[in-house]
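Undergrad: The structure's right below; bear with me while I get my questions together.
Every number here is computed from the coordinates shown, using simple stated rules; none is lab data. The shown structure was predicted, so the numbers you read here are calculated from the model rather than taken from an experiment. Positions of Cβ are generated from backbone atoms using ideal geometry, with glycine treated the same way; all protein chains shown enter the neighbour counts.
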Amino acid sequence: MPNISRSQLRSVVTDIVERTPIVDIHTHLYSPAFGDLLLWGADELLTYHYLVAEMMRRSPIGYDEFRAFSTREKANHIWEHLYRLSSPISEAARGVLTALQTVGIDVSRADPEEIRQQFKHWTVEEYVDLVFRKANIEFVVMTNDPFDSRERALWEQNIPVDSRFRAALRIDPLLTDLSRACSILSELGYAVSTRLDDVTCAQIRRFLRVWIDRMDPLYMAVSLPPTFCFPTDDPVRRMLDSCILPVALDRELPLALMIGVKRQVNPHLQLAGDSVGKAGTQAIENLCVAYPDNRFLVTMLSREDQHQLCVTARKFRNLMPFGCWWFLNVPSLIREITMIRLELLGFSFIPQHSDARILDQLLYKWAHSRKIAAEALVEKYTDLQRTGWSITEEAVTRDVRDLFRDNFLRFAGRL
């Protein structure tokens, strides 16, 4: 295959990045069979918690007054303060406009009611098809919580799950709220106690295997505070040693660790009230050393942790850094983190996940992230060309496919 000339490099790389299908490895979306657990449409977009937090900085409205609004009233209020009385320049506000524009809605003169009317043309199934096509998504990975009674009931009914929505088994209470986890497991008929004795650990392993068999997840996942440590003398070590990691190894599943969230620093904001803390990577290093046969997908919430995570990943082949999570999902930081990873890890990482809670967010998060990825690759391929190294379309296609799809599937044992 002929080399790509310097004059052609930008257009060729951009084209390959745009047409390579995405495997979105972490979302909070659901297959349409889950009913109204799948969020989509104008009002859901406009009332997303990023925008709620931003609006509260501009509007004099009280927390309780805003919470008493209907979803439609909340959307109208946010539109008024973030779109009519201010230019929507933040990533979350601009993202709404990108999503609407991508599905053919003219936002130049629109107001929320006009936008709502245009969404009435689609059924949820039609809209899922449209979003996946426009965003060029192969499939997304959901976040599936068997400790949530509503979601658990749907899984127990064996509902049909669209193959474009794959499962991830979320296990947060086992590591962050053992009392709640044991209470729920007891209600479900498992003989458990917070002492984590041998009987309890066997029951927890049984619970995990039951849900792995039911969901066929691509990995297990937990979100952790910046204070997470390993090893420790508390129940966390026992839970990892005797329950979670043995099952993960036996079933050949990675464990995804999402580290750095400080919950409810402002409880008045509810879902929008979480924040970020610096964690460091000592616990990750210790896990990778202690469990060399387990695989760990890791994303960290603090910008300050990103360089250390890359260095740690250079030392452990069972560690895969992924995505620019939550407060890092803004263009300036995505660009910086992607360049650090390329320069330290080559192509052996997963650059992004959407973390989408609203179906429509796939449209803007991937449109914006693809653009940044293309720019970063053009810069690094240009550096290679300056050394005399040849860049071919075949090589770029391989590299981009690794970043957007194959690195994850190989690490998850599905390729």
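Undergrad: May I ask what percent, to the nearest 5, of DSSP beta bridges between residues of the chain are antiparallel?
TA: Beta bridges within the chain, antiparallel portion: roughly 10 percent.
Undergrad: Oh, and also: For the pairs K278/K365; K262/K365; K134/K315, flag any whose C-alpha to C-alpha distance is greater than 27 Å. Intermediate values should be presented prior to the final figure.
TA: Details: K278/K365 24 Å; K262/K365 23 Å; K134/K315 38 Å.
Result: K134/K315 exceed 27 Å.
Undergrad: Per-residue HN-Hα couplings for the range 349-360, Karplus 6.51 cos²θ - 1.76 cosθ + 1.60 at θ = phi - 60°, whole Hz, x for Gly and Pro?
TA: Here the 3J(HN,Hα) series is 7, 10, x, 7, 9, 7, 6, 5, 9, 10, 3, 4 Hz.
Undergrad: While we're looking at this one, here's another question. What residue among F347, F69, F404 shows peak mean-square fluctuation when the chain is described by a Gaussian network model with Cα springs under 10 Å?
TA: Highest fluctuation of the listed residues: F69.
Undergrad: Along the charge dipole of the chain, which of A75, V12, W326 sits closest to the positive end, that is, farthest toward it, with unit charges on the beta carbon of Lys, Arg, Asp and Glu (+1, +1, -1, -1)?
TA: The one lying farthest along the dipole's positive direction is V12.
Undergrad: Gap in Å between the Cα centre of the range 257-316 and the Cα centre of the range 111-154?
TA: Cα centres, the range 111-154 to the range 257-316: 28 Å.
Undergrad: Under the 0.36 nm per residue contour assumption, what length would be gained going from the current alpha-carbon distance of V124 and Q8 to full extension?
TA: Numbers: separation 116, 0.36 × 116 = 41.76 nm, distance 4.04 nm.
So the chain would gain 37.7 nm between V124 and Q8.
Undergrad: What does the helix-only formula give at 222 nm for the chain: each DSSP H stretch with n ≥ 4 adding -39500 (n - 2.57), the total divided by the residues, and the result rounded to the nearest 500 deg cm²/dmol?
TA: Details: 20 runs with 199 residues, N = 415.
Only helices count here, giving -14000 deg cm²/dmol.
Undergrad: Return, for the Cα atoms of the range 1-68, the radius of gyration and Dmax in Å, separated by a comma.
TA: In order Rg, Dmax, the Cα atoms of the range 1-68 give 21.1, 64 Å.
Undergrad: While we're on this one: Per q in 0.24, 0.25 1/Å, what log10 I(q)/I(0) does a Debye calculation on the alpha-carbon atoms of the range 112-153 return?
TA: The Debye formula, applied to the Cα set alone, gives -0.84, -0.85.
Undergrad: Would you mind checking which residues have amide H under 5 Å from T232's amide H? H placed 1.01 Å from N; only 5 or more apart, or other chain.
TA: R237
Undergrad: Quick one: among S186, S108, S31, which has the greatest mean-square fluctuation in a GNM of the chain with alpha-carbon springs under 10 angstrom?
TA: S108
Undergrad: Another question, if that's okay. What span do the alpha-carbon atoms of the range 359-415 cover on each of the three principal axes, reported in whole Å from largest to smallest?
TA: 43, 29, 15
Undergrad: Could you list the residues of the range 218-251 with an amide nitrogen less than 15 Å from a label point located 7 Å from the Cα of N286 in the Cα-to-C-beta direction?
TA: Only 225-242 fall inside the zone, counting backbone N under 15 Å.
Undergrad: Quick one, can you get me the convex hull of the C-alpha atoms of the range 6-411 expressed as volume per residue in Å³?
TA: 150
Undergrad: Quick check: pseudo-label points 7 Å beyond the Cα along Cα→Cβ at R109 and D177, how many nm apart are they?
TA: According to this spin-label approximation, the distance is 4.9 nm.
Undergrad: Find how much the distance from Q264 to H307 grows on full extension, using 0.36 nm per residue of separation minus their present alpha carbon separation; answer in nm with one decimal.
TA: Values: separation 43, 0.36 × 43 = 15.48 nm, distance 2.66 nm.
Computed gain between Q264 and H307 is 12.8 nm.
Undergrad: Suppose we take every Cα in the range 80-140 and form the convex hull; what volume per residue is that in Å³? Display every interim value, and only then the final one.
TA: On the way: hull volume 6.0 nm³, N = 61.
Each residue corresponds to 98 Å³ of Cα convex hull volume.
Undergrad: Any idea how far the Cα center of the range 332-407 sits from the one of the range 230-246, in Å?
TA: 35
Undergrad: Would you calculate the separation in nanometres between label points at N136 and Q385, each defined as 7 Å from the Cα along the Cα-to-beta-carbon direction?
TA: Roughly 2.0 nm, to one decimal.
Undergrad: Using the Karplus curve 6.51 cos²θ - 1.76 cosθ + 1.60 with θ = phi - 60°, what ³J(HN,Hα) values do you get for each residue of the range 268-276, in whole Hz, with x for Gly and Pro?
TA: Taking θ as phi minus 60°, the curve returns 5, 8, 6, 4, 7, x, 7, 9, 9 Hz for the range 268-276.
Undergrad: Output the direction-averaged projected area (hull surface divided by four) of the convex hull of the alpha-carbon atoms of the range 203-313, in nm². Don't jump to the answer; show the numbers that get you there.
TA: Numbers: hull surface 31.6 nm².
Approximately 7.9 nm², given one-decimal rounding.
Undergrad: Something else about it: So what J values fall out for the range 211-226 if you push phi through Karplus, 6.51 cos²θ - 1.76 cosθ + 1.60 with θ = phi - 60°, rounded to Hz, Gly and Pro as x?
TA: Once rounded to whole Hz, the list reads 7, 5, 4, 6, 8, 6, x, 7, 6, 9, 8, 8, 9, 10, x, x.
Undergrad: May I ask for the Kirkwood hydrodynamic radius of the range 284-415, worked out over all distinct Cα pairs and given in angstroms to one decimal? Present the calculation step by step, with values, prior to reporting the outcome.
TA: Details: mean 1/r = 0.0640 Å⁻¹.
When all Cα pairs of the range 284-415 are included, the Kirkwood radius is 15.6 Å.
Undergrad: Go ahead and run the numbers for FRET between A153 and V210, Cβ-Cβ distance against an R0 of 22 Å, rounding to 0.05. Don't jump to the answer; show the numbers that get you there.
TA: Working: r = 15 Å, r/R0 = 0.67.
The formula returns an efficiency of 0.90 here.
Undergrad: May I pose another question? Evaluate the charge dipole of the range 99-212 about its Cα centre and quote only its size in Debye, nearest 20, assuming +1 on the Cβ of each Lys and Arg and -1 on the Cβ of each Asp and Glu. Don't skip to the answer; put the middle values down first.
TA: Working: 15 positive and 18 negative charges, 65 e Å.
It works out to roughly 320 debye.
Undergrad: Pulled fully out, how much extra length does the chain show between D15 and N318, if you take 0.36 nm times their separation in residues and subtract their Cα-Cα distance? Intermediate values should be presented prior to the final figure.
TA: Details: separation 303, 0.36 × 303 = 109.08 nm, distance 3.21 nm.
This chain segment gains 105.9 nm when fully extended.
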